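Asker: After the structure tokens below, expect a handful of questions from me.
The values are calculated or read from the model by the stated rules, or taken from the named source; none is laboratory data. Values in this document were obtained by computation on a predicted structure and should not be read as measured data. Cβ: placed from backbone, ideal geometry, glycine included. Neighbour counts: every protein chain shown. Heads up: the accessible areas ignore ligands, DNA and RNA and are worked out on the full protein's heavy atoms, side chains in. Shrake-Rupley method; radii C 1.70, N 1.55, O 1.52, S 1.80 Å.
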Amino acid sequence: DLFVFMHIFDKGYEKKRSKLLGAYLPHPPGLEASMAHERRPLMAPSASRYHRRRSSGTRDERYRSDVHTEAVQAALAKHKERKMAVPMPSKRRSLVVQTSMDAYTPPDTSSGSEEEGGQGEGTPTSSQGSISMEHWITRAIHQGSTTSSSSSSTQSGGSGAAGRLADVLAQTHVGKSENHSAPPDVTTYTSEHPVQVERPQVSTVPRTTPKYGNAELMETGDGVPVSSRVSAKIQQLVNTLKQPRRPPLREFFVDDFEELLEVQQPDPNQPRPEGSQMVAIRGEPLGVVTNWPPSLEAALQRWGTISPKAPCLTTMDTNGKPLYVLTYGKLWSRSIKVAYNILHKLGTKQEPMVRPGDRVALVFPNNDPAAFMVAFYGCLLAEVVPVPIEVPLTRKDAGSQQIGFLLGSCGVTVALTSDACHKGLPKGPTGEIPQFKGWPKLLWFVTESKHLSKPPRDWFPHIKDANNDTAYIEYKTCKDGSVLGVTVTRIALLTHCQALTQSCGYTEAEIIVNVLDFKKDVGLWHGILTSVMNMMHVISIPYSLMKVNPLSWIQKVCQYKAKVACVKSRDMHWALVAHRDQRDVNLSSLRMLVVADGSNPWSISSCDAFLNVFQSKGLRPEVICPCASSAEALTVAIRRPTDDSNQPPGRGVLSMQGLSYGVIRVDSEERLSVLTVQDVGTVMPGALMCVVKPEGVPQLCRTDEIGELCVCSIATGMSYYGLSGMTKNTFEVFPMTSSGAPISEYPFTRTGLLGFIGPGGLVFVSGKMDGLMVVSGRRHNADDIVATALAVEPMKFVYRGRIAVFSVTVLHDERIVVVAEQRPDSTEEDSFQWMSRVLQAIDSIHNVGVFCLALVPANTLPKTPLGGIHLSETKQLFLEGSLHPCNVLMCPHTCVTNLPKPRQKQPEIGPASVMVGNLVSGKRIAQASGRDLGQIEDNDQARKVITLGDVFLFLSEVLQWRAQTTPDHVLFTLLSSRGTVLSSLTCLQLHKRAEKIAAMLMERGHLQDGDHVALVYPPGIDLIAAFYGCLYAGCVPITVRPPHPQNIATTLPTVKMIVEVSRSACVMTSQVICKLLKSKEASAAVDVRSWPPVLDTDDLPKKKPPQLYKPSNPDTLAYLDFSVSTTGMLAGVKMSHTATSAFCRSIKLQCELYPSREVAICLDPYCGLGFVLWCLCSVYSGHQSILIPPSELEVNPALWLLAVSQFRVRDTFCSYSVMELCTKGLGLQTESLKSRGLDLSRVRTCVVVAEERPRIALTQSFSKLFKDLGLHPRAVSTSFGCRVNLAICLADQKTRGPDPTTVFVDMRALRHDRVRLVERGSPHSLPLMESGKILPGVRIIIANPETKGPLGDSHLGEIWVHCGHNGSGYFTVYGDEALQSDHFNSHLSFGDTQTVWARTGYLGFLRRTELTDASGERHDALYVVGALDEAMELRGMRYHPIDIETSVIRTHKSIMECAVFPWTNLLVVVVELEGSEQEALDLVPLVTNAVLEEHYLIVGVVVVVDIGVIPINSRGEKQRMHLRDGFLADQLDPIYVAYNM
């Protein structure tokens, strides 16, 4: 094994070493060198050279270890040639203003990522502020080889290197745009060299470009106007994304339905372990020393009685003055007092609160070790189990809730604390301490002597030999933030103290300086426990003093001539930063400097740099003793202090690439990415250690493989308190050989550390299980990534200790997220520059992409008690969208390589084959029809009307007939916002009024037959009268929504456009609107002089026209229906007299409308079914229409439902916007409405009129909400109409008709135009509700929109319709005949090629249900999926915007509305933010994750805008294309635009 190791460490090592170190090494490297040992130089380089170097740098640059930095710079320089600009996110000014300067913390305070809170330390232990991180890897690689060499590189670098580096970086900005993922910077501000941004090609025909606002407009190839600013960025993004991604997507078979996510195939060239199987290494035997005490309490009793005056602990105040000296006598007597009081003074004599074996919490601040020590030993003497925890500062501390869960599960009811701490705890109004979130109810007990009663003379604690009872519980924070309690038995506690005493050579009365947290881990083991066993004197330095004076610990070592000091690499780093040529520093008394976080590979650079500076102050190299520890295994290994300075420590320069595959490879010379590790000494005395595979069965690793270190020893933790399953997996592991035989009968404990055992039994640690991130099968360590990030000019933009790295699972793989605190003084451009460089550096050095890099304002990341970053809490905030970053850069395009393959469109199969295929497989062709109009029903009422329909071909005749037969029958009632009747019209009144309007048109308007008249009225009765007036005069009416008086500038141009496009010869309107059209505001918006004549109908002539017009041919135009489609197209559809009558008849039959009926209508009366129901149906069928203008609901949301209840209406029609207003506005008022007598139990049908997929969530919540008011759940249904046919489906009034059925379809299949039904709640299921029942006289077929062939039931296709009330064509000025014939007169390419169909432009499918309708036929349900024009082709699949929008809206409570659209095959997501602008950037990662997870799509651009920016038409449908045009013309004023890379 040793040989293999030598071999591994040897490759290329000799050569590199001699090359690098030739100048500094007195003798040629011998054999040990090849075994990765080096001799340390005996002389330190002269200090003066060091100071020369120092003066040239800035304060923070001073100790940068150039090694890593050079590697990073080299990596960045490599990108120089293949440079590609990436768009910088754009941000609203208000967001750029950084947090106030109060947030600014000097680096010293913020840099401590304390090991605290398990992984709170989490991230970077690395961040430990040690210069470590940048101790980066390089080609020089190792300098690591000796300390002096690293110092020399520091000296030689000088300002020259910095200058060269600056040049390199300056040029990085300009290179050529070649295909490579390069650093961003599209902005020109970053360097003196302007950056060439390629503009999208403007079409070559010279055109005048119109201006919108101030945005310069260009046009893309297809003539879409684009503002230069946005399009340039998008173009850049598109160019960036064209670059090849690193792992090539492999080919694999895609089943018709299941899009399989690509499984990462192992790289055939990846390094594999080649060594032989390792052998467990045994530590030296634990020596038996005669005077060792039988238990720790016995040791305390001994020193307390025989040397009571010996000092045990000295505490310091924040000025570094000794505050208090605790002697062994005092510790002994006070501990007895505490023990007595815990057992006898809590609760009653019969029912004591605490019995031996119970757990109690110890809550002591970090500056009071003496009180803690007394309480801890008091518990040991009373045989109760102390659980030391942090002081909860507020009710909602990071991680404090988890600590509460630990206390609860341990059954803690009493908390011991000190006086000062008790006074400082948060108090309720009556002075009691509140219950902290998640904590059990606690009794707080102060342990100061003055508060305790003296034990009686005869009371004495029972001192036993150490046994297997639990001595104490140490808390440990896991990767996910949960807190576990590790139990340590009394025998383990004692054995651990003995092992430390032996390996550290502790002797009586030695002085030890402790900077570590004394409540847990190394600080507890050395500074509280082992020290008492050996009667040592501990000088305790609190964290608060270190913050004020980072040199304090060094000063105390000198002052007390301490032999031992316990520190972290952070403390060494701080001392270096603060060290100012202190003359009186002398560290020659130190025989051992314990580096507690030696298990962090980056501690090596702090050790080296510290030795460099302090070797001249008497520090001997062999004094530095890194150790590795874990909560479960206690001390795992520690380097022994030797007197022999010739015994060199071990070093290894390992390839990062190899490490990511778990293999040890000594790095070859030219590689940038290496990790230098130092040994953490040898196995503890009396212990056995082995290395096992981190996942799966605990099998021994090979000698050149990285695995988890496992220890078998008495001196380890016993269990996780109360968690037997986890305990078994951690504390009771039986490692096995490759043949499956256990290597020992005794169980091992997993340490949670990753590493290997090198030559000579030296233990090397390369990372922690907690920091491990497995991305596409390769392992990366969070600490290493932090180190790389910090090596990129760390000090300018981010605080060095304040970087968090963790992984989140998105789309079945871990994705790396980096979060850093940004300095308040850094600019946007600088930060963006830095972020892009970090991405490149991590990419080059670790060969892994960063999914998301976020910068947050200074001091906002959650902290652990000792000031480090609380990692799991940070991750939690990130995932729930409450991190509030000020900058975000996402790179899903680089990282996400396991998307399903894009769908290859198969060569089209001819329509005939499709049809034959369907017949062969027994699938039916998808077609359906409503009832036949010819079946005349046998009740008389119907017969009369049917004949009426046959007699009168024209609505104008029907009205005249009604005016004669039922002159006083009320047809229309209009309600005000208060629910009172504003006006009503009987048959005769309507007839008379229409006659007068006809006379006016002929006289004042001088109109001919067939002239077009625009009716510009608010919703009401005037509109209806004007419509019939036009029919009486032989004119063609066009209803137009009037301009909004508060918003003339945007609404009036639409009115003008409809008037012009429809070629109206005159405009009829009311007096108020007439004034509005001629107002100043109007003339600012449009050219008022070009209006046709405007007639005001409030002032009508008294006489009637000579005769009423009767059309000669029923196929002539009755009216024009103008509306804007969801894609933003304005289109007028021609409705003939025949179609109009057929339409009314169809609705009459479907809804069973008779003169005795009342129908409430809350719809806009300007187009589609809304207009027909408002103006036409009552005249045809004779029922009374109660008209409720939807705009009145904004004043009184309950208006519609109150009217329905008051008029006892059975049938009502509304729009989605009305339903939404009721659901949102009345949600909390159902009780008060009930008390006002609102009753909906008479409603048979409530139909939502729409031209879209039914909004199932809205209809369901509406039904649920008003169920209590009597609304029948079956009453709510939807209708479906489109431009070519204003109503295809409408709810069937027959209560015996079947329910609207809901089906669940597989969304993934739908993307391939397949319909696959799945069970409710299955993954990827999408609920769809049928769009009402097909109207009488309507035939439907599903056709392939490309081949025009008929499709089977299981296919998604375009809905084609054939019926009497289809529109007869578009009315256009341009004569787009082709479009017209295609939309209104299409023929199938196969099968029934004779029938004329109209194409709806909507995708949908038919399903034959099990239900039967009135005539006993099986009922066919039509499901509308979405508009063909809006569907997006992405990755070869068809996506419907609404599905993606639904996913996005669910991601965060602040997203009010969302719209998506494609732009040059990028998906753009626009979200409306409700809440503070600070939340805007939280949405970017959440939106990206959700769309990836649910739709397998990468979002290209995320745009965050204010509420109300997404345009919505009168039907409540989103106008996505308008939004797109606004985005490209830069008119949205977004809060933030993120370009994902």
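Asker: Ranked by accessible surface with a 1.4 Å probe, highest first, in what order do SER1112, SER333, SER552 come?
Answerer: The ordering from most to least exposed comes out as SER1112, SER333, SER552.
Asker: Then there is this: Starting from the 7 Å offset along Cα-to-Cβ, what nm value, one decimal, do you get for the label separation of LEU1100 and SER1241?
Answerer: Result for the modelled spin labels: 4.3 nm.
Asker: Given C-alpha coordinates of region 304-365, what is the ratio Rg to Rh with the Kirkwood estimate of Rh?
Answerer: Reported Rg/Rh (Cα atoms, Kirkwood Rh): 1.12.
Asker: Trypsin sites (Lys or Arg not before Pro), restricted to region 433-474: which are DSSP loop and have at most 15 other Cβ atoms within 10 Å? Working shown, then result.
Answerer: Working: sites: LYS437, LYS441, LYS450, ARG457, LYS464; in loops: LYS437, LYS441, ARG457, LYS464.
Filter output for region 433-474: LYS437, LYS441, ARG457, LYS464.
Asker: Follow-up. Can you give the accessible area of ARG1314 in Å² (nearest 10), computed on protein heavy atoms with a 1.4 Å probe?
Answerer: 60
Asker: Taking only protein heavy atoms and a 1.4 Å probe, what accessible area per residue, in Å², does region 499-579 have with all protein chains in place? Walk me through the intermediate numbers first.
Answerer: On the way: 1570 Å² over 81 residues.
Accessible area per residue: 19 Å².
Asker: Next question, about the same structure. Could you sort 1207-1216, 298-307 so that the peptide with the highest average Cβ count within 10 Å comes first and the rest follow in order?
Answerer: In descending order of packing, they fall as 1207-1216, 298-307.
Asker: If you don't mind, there's one more thing I want to ask. Convert each backbone phi in region 1135-1150 into a coupling constant with the Karplus relation 6.51 cos²θ - 1.76 cosθ + 1.60 (shift: θ = phi - 60°), then list the ³J(HN,Hα) values in order as whole Hz, x for Gly and Pro.
Answerer: 10, 7, 4, 4, 5, 5, 5, 4, 4, 4, 5, 4, 5, 4, 5, 5
Asker: What percent antiparallel are the DSSP beta bridges of region 1086-1217, to the nearest 5?
Answerer: Roughly 45 percent of the DSSP beta bridges within region 1086-1217 come out antiparallel.
Asker: Under the rule of at least 5 residues apart or a separate chain, name every residue whose amide H is placed under 5 Å from the amide H of VAL360.
Answerer: It is VAL385, VAL387, by chain and number.
Asker: Can you give me the three principal axis dimensions of region 418-521 from its C-alpha atoms, in Å, biggest first?
Answerer: Computed over the Cα atoms, the extents are 54, 50, 31 Å.
Asker: Among DSSP beta bridges whose residues both lie in region 1220-1346, state the antiparallel percentage, nearest 5.
Answerer: 75
Asker: Determine the order of HIS1137, HIS451 by accessible area, beginning with the largest, at a probe radius of 1.4 Å.
Answerer: HIS451, HIS1137
Asker: Grab the other residues whose beta carbon is less than 13 angstrom from that of ALA415, score K and R as +1, D and E as -1, and report the net.
Answerer: Local net charge: 0.
Asker: Here's a follow-up. Output the Kirkwood hydrodynamic radius of region 1397-1536, Cα pairs only, in Å rounded to one decimal.
Answerer: That comes to 16.7 Å for region 1397-1536.
Asker: Could you give the nm distance between label points at ALA578 and LYS1224, where each point is 7 Å from its Cα heading toward the beta carbon?
Answerer: Calculated label separation equals 5.6 nm.
Asker: Continuing with the same structure: Run the 1.4 Å probe and let me know the accessible area of THR827, rounded to the nearest 10 Å².
Answerer: 60
Asker: Would you report the distance distribution of C-alpha pairs in region 1123-1201 as whole percents per 5 angstrom bin, up to the bin with the largest distance?
Answerer: 3, 14, 21, 20, 18, 14, 8, 2, 0
Asker: Check VAL1315: other-chain or 5+ apart residues with amide H under 5 Å from its amide H, H built from backbone geometry?
Answerer: Those qualifying (amide H under 5 Å, at least 5 residues apart or on another chain) are HIS1355, LEU1356.
Asker: Could you go through region 1340-1346 in sequence order and give the Karplus-derived ³J(HN,Hα) for each residue, using 6.51 cos²θ - 1.76 cosθ + 1.60 with θ = phi - 60°, rounded to whole Hz, and x for Gly and Pro?
Answerer: In residue order, the calculated couplings are 10, 9, 9, 10, 6, x, 7 Hz.
Asker: Follow-up. In terms of solvent-accessible area of protein heavy atoms at a 1.4 angstrom probe, what is the ranking of ASP1306, ASP932, highest value first?
Answerer: Most to least solvent-accessible, the answer reads ASP932, ASP1306.
Asker: How big is the Cα convex hull of region 1166-1228 in projection, averaged over all directions, in nm²? Show your work: numbers first, answer last.
Answerer: Details: hull surface 18.6 nm².
For region 1166-1228, averaging the hull's shadow over all directions gives 4.6 nm².
Asker: With the cut-off at 25 Å, tell me which of the pairs LYS454/LYS520; LYS996/LYS1075; LYS437/LYS568; LYS330/LYS441 have Cα atoms farther apart than that. Let's see the in-between values first.
Answerer: Values: LYS454/LYS520 30 Å; LYS996/LYS1075 22 Å; LYS437/LYS568 32 Å; LYS330/LYS441 32 Å.
Pairs exceeding 25 Å: LYS454/LYS520; LYS437/LYS568; LYS330/LYS441.
Asker: While we're here: Ratio of Rg to Rh for region 1258-1368, alpha carbon only, Kirkwood?
Answerer: Rg divided by Rh gives 1.01.
Asker: Just to check I understand the Karplus step: with θ = phi - 60° and J = 6.51 cos²θ - 1.76 cosθ + 1.60, what whole-Hz values come out for region 1265-1279, glycine and proline as x?
Answerer: Per-residue couplings from phi come out as 5, 9, 4, 5, 9, x, 6, 6, x, 7, 5, 7, 8, 10, 10 Hz.
Asker: So who's got an amide H within less than 5 Å of the one on LEU286, skipping anything under 5 residues away but keeping other chains? H placed 1.01 Å off N, in plane.
Answerer: GLY686
Asker: Set the Förster distance to 45 Å, then compute FRET efficiency between THR1446 and VAL548 from the Cβ-Cβ distance, nearest 0.05.
Answerer: Working from the Cβ atoms, E equals 0.25.
Asker: How long are the three semi-axes of the equivalent ellipsoid for region 667-736, computed from the Cα gyration tensor as the root of 5 times each eigenvalue, in whole Å, largest first?
Answerer: Ellipsoid semi-axes (Å, largest first): 29, 16, 12.
Asker: Against the globular-protein guess of 2.2 N^0.38 Å, express the Cα radius of gyration of region 1147-1261 as a ratio, rounded to two decimals. Could you put the intermediate results ahead of the total?
Answerer: Numbers: Rg = 13.9 Å, N = 115, 2.2 N^0.38 = 13.4 Å.
The reported ratio for this selection is 1.04.
Asker: Any idea which of LEU516, LEU551, TRP602 is furthest toward the positive side of the dipole for region 486-632, if Lys and Arg beta-carbons carry +1 and Asp and Glu beta-carbons -1?
Answerer: LEU551
Asker: At a 1.4 Å probe radius, carbon and sulfur cover how many percent of the accessible area of region 824-912? Please report the intermediate quantities before stating the final value.
Answerer: Details: 1370 of 2640 Å².
The C+S portion of the solvent-accessible surface of region 824-912 is 52 percent.
Asker: Can you give the three extents of the C-alpha atoms in region 954-1042 along their principal axes, from longest to shortest, in whole Å?
Answerer: Largest first, region 954-1042 extends 40, 34, 21 Å along its Cα principal axes.
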